[in-house]
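Read through the structure below, which is laid out as structure tokens, and then see the notes.
The values are calculated or read from the model by the stated rules, or taken from the named source; none is laboratory data. From a predicted model like this one, the values you see are computed outputs, not experimental measurements. Backbone-built Cβ (ideal geometry, glycine too); neighbour counts: all protein chains shown. Side chains included, ligands, DNA and RNA excluded: accessible areas come from the protein's heavy atoms. Shrake-Rupley method; radii C 1.70, N 1.55, O 1.52, S 1.80 Å.
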Amino acid sequence: MKANRMEAFSDGVLAIIITIMVLEFKVPEGHDWYALIALGPKILSYIFSFVYIGIYWNNHHHLLHMVRTMNGRLMWLNLLLLFWLSLVPFTTAWMGESSFAATPTALYGIILLLAAFSYWLLQRAIISQHPADSSFVLAMGRNLKGKLSPVLYLIAALTAYVSPWISGFFFLLVAVLWFLPDKRIEHALRGT
């Protein structure tokens, strides 16, 4: 069994997640730039979340190319990842609506932390299908971004109670780390 059905399902879920986020926007009551500026926190939280969903979509796409054998474990781990990502629209809306209040921002960080952990579990399950000396396993062993991201999400969640700006800095830092796709899988596929 190939992973393309799981990939197509995941692509659909991620597209729906983005659609739900954009549907949270309501047309401003005013008809000038000030009315749009008032939506600033909502727009900013949407941009954060859109970038994060895009990062997951991109890296998930690459990762699924490394599946050798599809099985129930991979499907459940993929569903776990999609579950946490499906909560991103809720936390995005709450964070934007509250103008980055501490608890919604902390919850946003916790959801991203749990999504990162779920992605790591999926990644580990796919890695276990390959010989220990394969180029894919060797490339994936150097996973500084993957190890650093959960720590930064946790710091972002905790610092939300100190300042939303500090928390936002850590969210931005993780997004910058992952904005360029992880090339390790591409190199492993090419054998370089």
Please work out if LEU82 is touching a residue at least 40 places away in the same chain (Cβ under 8 Å), open to solvent by less than 70 Å² (accessible area, probe 1.4 Å) and more than 21 Å from PHE179 (Cβ to Cβ). yes
Screening TYR46, TYR108, TYR52 for residues that are in contact with a Leu (Cβ under 7 Å, 6 or more places away or on another chain), surrounded by 15 or more Cβ atoms within 10 Å (Cβ to Cβ), of a type in the set (Ser, Thr, Tyr) and at pLDDT 95 or above leaves only TYR52
Only residues in region 1-30 that are under 14 Å from SER86 (Cβ atoms) count as the first member; pair them with residues that are of a type in the set (Phe, Trp, Tyr), Cβ under 6 angstrom, at least 6 apart or cross-chain, and list the lot. LEU14/TRP57; MET21/TYR46
Test of understanding: among LEU177, LEU189, LEU158, which residue is surrounded by 13 or more Cβ atoms within 10 Å (Cβ to Cβ), part of a helix (DSSP H, G or I) and modelled with pLDDT of 95 or more? LEU158
Can you run down the residue pairs with Cβ atoms below 7 Å, 6 or more apart or on separate chains, where the first is in region 66-79 and in contact (Cβ under 8 Å) with a residue 24 or more places away in the chain and open to solvent by less than 30 Å² (accessible area, probe 1.4 Å) and the partner is of a type in the set (Phe, Trp, Tyr) and assigned to a helix (DSSP H, G or I)? MET66/PHE136
Please list, ordered by first then second residue, the pairs with beta carbon atoms under 8 Å, 6 or more apart or interchain, first in region 131-149 and surrounded by fewer than 10 Cβ atoms within 10 Å (Cβ to Cβ), second of a type in the set (Val, Ile, Thr) and not in a loop (DSSP other than H, G, I, E, B). PRO131/VAL137
